[in-house]
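In what follows, a single structure is set out as structure tokens and then discussed.
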Amino acid sequence: MLTVGLTGGIGAGKSEVSRLLVACGAVLIDADRIAREVVAPGTPGLAAVVEAFGAEVLAADGGLDRPRLGSIVFADPEKLAVLNGIVHPLVGARSRELEDAAPEDAVVVHDVPLLTENGLAPFYDVVIVVDADPGTQLDRLVRLRGMTEDDARARMAAQATREERRKIADIVIDNDVPLPDLQARVREVWADLARRARTE
């Protein structure tokens, strides 16, 4: 098994790269998706978040009001640390379960937005960073995700810098390119990962 940590700044296009890798044959473990699961209604994770931040972070349906919680934690590093302290251990435990269930010869790609920030690079055989110019990231967040420019800038500022991410990368995928170029680059990277998996 080859374990791959995939990361990139918000709006860099990491999700598109993970989709392309899955199409090539990777087993994907998506930390964002797991992070939603561990705070779903009725979970101990959601109860812990409500205990820490109050009932105002609940939506009318009893689920987590993500935009409301985001506006609280991304404006306050201490509150963000509290949230991460609740969610990250739960995500880590579930990720390990999924990795253990993957085939022995699999290329397992862990899509981890905060890989750099949490010092997780040493836990993977290979780290891939999806890189984009900050201006490109900002444009995507505002135009495609409907964020305000201030909110987008706050989310970007809460993450590692571009230089910090590139420093831990074994492989960098430039995503300031047209989709066909990105697809070709991902196919190259997949061939490299498949070779490494055979020699592990």
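The values are calculated or read from the model by the stated rules, or taken from the named source; none is laboratory data. Values in this document were obtained by computation on a predicted structure and should not be read as measured data. Glycine gets a Cβ as well: all are built from the backbone with ideal geometry, and neighbour counts include every protein chain shown. Surface accessibility is based on the protein's heavy atoms, side chains included, excluding ligands, DNA and RNA. Shrake-Rupley method; radii C 1.70, N 1.55, O 1.52, S 1.80 Å.
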What are the semi-axes of the equivalent ellipsoid for the chain, taken as the square roots of 5 times the Cα gyration tensor eigenvalues, largest first, in whole Å? 29, 21, 14
Quick calc: nm separation of the 7 Å Cα→Cβ label points for LEU98 and ALA81 -> 2.8
When the Cα centres of segment 133-192 and segment 29-85 are compared, how far apart do they sit, in Å? 25
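With all protein chains present, how much of the accessible area of segment 99-158 (probe radius 1.4 Å) comes from carbon and sulfur, to the nearest whole percent?
Numbers: 1520 of 3080 Å².
The C+S portion of the solvent-accessible surface of segment 99-158 is 49 percent.
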Of LEU90, LEU115, PRO44, whose Cα points farthest to the positive end of the dipole of the chain (charges on the beta-carbon: +1 Lys, Arg; -1 Asp, Glu; origin at the Cα centre)? LEU115
Run the simple label-point estimate for LYS167 and ALA106 please: 7 Å along Cα→C-beta, distance reported in nm. 3.3
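Any idea what the dipole of the chain comes to, in debye rounded to 20, about its Cα centre with Lys/Arg Cβ at +1 and Asp/Glu Cβ at -1? Mind showing how you got there, number by number?
Numbers: 23 positive and 33 negative charges, 40 e Å.
Dipole size: approximately 200 debye.
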How much length is gained on full extension from ALA194 to LEU179, taking 0.36 nm per residue of separation minus their Cα-Cα distance? 3.2 nm
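Counting heavy atoms of the protein chains only and a 1.4 Å probe, report the per residue accessible area for segment 106-177 as a whole number of Å².
Values: 3550 Å² over 72 residues.
Solvent-accessible surface per residue comes out at 49 Å².
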Residues of segment 84-101 with backbone nitrogen within less than 17 Å of a virtual label 7 Å along the Cα-to-Cβ line of GLU37, please, listed as ranges. 87-101
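Assuming a viscosity of 1.306 mPa s and a temperature of 10 °C, what translational diffusion coefficient in µm² per second does Stokes-Einstein assign to segment 141-200, Rh being the Kirkwood radius over Cα pairs?
Stokes-Einstein gives a translational diffusion coefficient of 111 µm²/s.
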For segment 1-83, with +1 on Lys and Arg beta carbons and -1 on Asp and Glu, the positive-most of ALA12, ILE72, GLY25 along the dipole: GLY25
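Per DSSP H run of n ≥ 4, the term is -39500 (n - 2.57); total these for the chain, divide by its residue number, and report the mean residue ellipticity at 222 nm rounded to 500 deg cm²/dmol.
Numbers: 9 runs with 107 residues, N = 200.
Computed mean residue ellipticity for the chain: -16500 deg cm²/dmol.
Roughly what % of Cα-Cα distances in segment 1-66 sit above 16 Å, to the whole percent? Write out the running numbers ahead of the final one.
Details: 1232 of 2145 pairs.
For segment 1-66, the fraction of Cα-Cα distances above 16 Å is 57 percent.
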